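Inspection log for the structure reproduced underneath, given as structure tokens.
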Amino acid sequence: MFAMMNDLIQAAAQQRYAVLAINCFNLETARAAIQAAEQQRAPLILNVYQGHSAHFPPAIAVPLVKALAESARVPVALALDHGKAFPLIGQAFRAGFTGLMIDASSEPLAENIRQTAAVVKMAHTAGVCVEGELGHIADAPTYELADASVKMTQVADVLPFIEQTHIDLLAISVGTAHGLYPAGVKPKIDFQRLEELHAVSTRPLALHGGSGTPAEDIRRVSEFGVAKINVGAAVFEGGKRAVEQALKHSHAELADLLGLMESACREVVAEYLSWSGSAGKV
């Protein structure tokens with residue numbers, strides 16, 4: 001079932017679990033995530049990152065994901081991830097995405113509010129979920145806790161941001177990072193800050209940088225208002241490794257390589273789903 005993202009977020013917030021938002025950029029990565037969600041009987045959000053939109057533009061992504069979702073046994077929403085370009089956000093809205101993220105977090109607060117409110121005004125005419133961001137997510141390949149701490153969401157900004165933008169979902173920075181961490185490095189979530197953000201927020205929270213986050217932390221964050229967890233890098237890395245290993249030991253056809261990539265991606269998604277609390281919710 002092709003679903004409205006707001007419906008999935010509200011159900012997760014009320015029942016205190018987190019829906020996974022899995023990045024995809026083609027048929028195989030989208031299908032892998034949906035099949036994993038079906039295995040786990042979990043609702044699912046498919047994310048299309050702005051940086052992948054040239055390869056997987058909204059006009060292609062929507063009919064493809066809709067076709068997969070309509071035959072799926074679980075609800076599947078489609079969201080734009082880290083949208084910064086207004087023309088692309090508009091394209092995603094018109095094409096039929098049910099979730100839009102506007103990421104103006106690098107701007108001063110007033111400009112972040114202005115840009116985010118403009119997207120909300122458009123999206124809410126069709127019941128489309130809007131996610132805004134406060135703070136800035138660190139980069140995993142160069143992760144340092146001190147740097148991640150500087151970029152964390154400020155508690156005092158939360159209510160003014162929500163009240164002036166009317167967002168549906170708030171992306172926060174509490175210590176995780178985008179991408180893959182160096183060997184031996186794990187992110188450290190500031191649970192005290194997360195608890196404080198949850199206490200003041202009137203909206204569900206979204207945690208970005210789920211890849212590489214310890215399982216026990218992923219299980220715990222939904223206790224503090226997190227209703228959506230983004231995972232992308234770990235899924236892509238699993239698929240890439242499968243292809244690399246196959247190429248070392250065989251001369252497989254391209255179609256077979258894509259099948260191996262899809263299977264590996266599915267396994268990674270299933271593992272993260274099992275940690276999120278969303279398994280068995282459908």
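The values are calculated or read from the model by the stated rules, or taken from the named source; none is laboratory data. Since this is a predicted model, take the numbers as computed values, not measurements. Cβ placement follows ideal geometry from the backbone for every residue including glycine, while neighbour counts extend to all protein chains displayed. Accessible surface areas use protein heavy atoms only, side chains included; no ligands, DNA or RNA. Shrake-Rupley method; radii C 1.70, N 1.55, O 1.52, S 1.80 Å.
Numbers at a glance
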item: In nm, spacing of pseudo-spin labels at residue 142 and residue 38 (7 Å Cα→C-beta vector); result: 4.2 nm
item: Amide H contacts under 5 Å for residue 49, placed H, 5+ residues apart; result: 24, 81
item: Spin-label model distance (nm) - residue 166 vs residue 183, 7 Å beyond Cα toward Cβ; result: 5.3 nm
item: Probe 1.4 Å, protein heavy atoms only - accessible area per residue of the stretch 1-78 in square angstrom; result: 39 Å²
item: Gaussian network model of the chain, Cα within-10 Å springs - most flexible of 96, 179, 51; result: 51
item: Carbon and sulfur %, accessible surface of the stretch 1-127 computed with the full protein complex present, 1.4 Å; result: 55 percent
item: Where Rh is the Kirkwood radius over Cα pairs, Rg/Rh for the stretch 140-226; result: 0.97
item: Listed candidates (1) 0.95; (2) 0.98; (3) 1.05 - label of the one calculated as Rg/Rh (Cα atoms, Kirkwood Rh); result: (1)
item: Added length on full extension, which subtracts the Cα-Cα distance from 0.36 nm per residue, residue 10 to residue 73; result: 20.7 nm
item: Residue with peak Gaussian network fluctuation, the chain [Cα springs, cutoff 10 Å], from 150, 120, 158; result: 150
item: Inter-label distance, nm, simple model (7 Å from Cα along the C-beta direction), residue 220/residue 118; result: 4.0 nm
item: Rounded FRET efficiency, nearest 0.05, which uses the C-beta distance separating residue 66 from residue 256 and R0 of 25 Å; result: 0.35
item: Kyte-Doolittle mean at least -0.5, axial Cα span of 30 Å or more - DSSP H helices of the chain; result: 254-276
item: R0 of 35 Å, Cβ-Cβ distance residue 26-residue 192: FRET efficiency to nearest 0.05; result: 0.30
item: Partner lysines for residue 188 [C-alpha distance under 25 Å; skip if fewer than 8 residues away on the same chain]; result: 151, 228
item: Overall form of the stretch 1-104 per C-alpha gyration tensor (a/c, 1.5; a/b vs b/c); result: oblate
item: For the chain, built as a Gaussian network whose Cα springs stay under 10 Å, the top-fluctuating residue of 39, 245, 154; result: 245
item: Check: the chain dipole with +1 on Lys, Arg Cβ and -1 on Asp, Glu Cβ, in debye; result: 460 debye
item: Peptides ranked, highest mean first, by Cβ atoms within 10 Å: ranges 15-21, 223-229; result: 223-229, 15-21
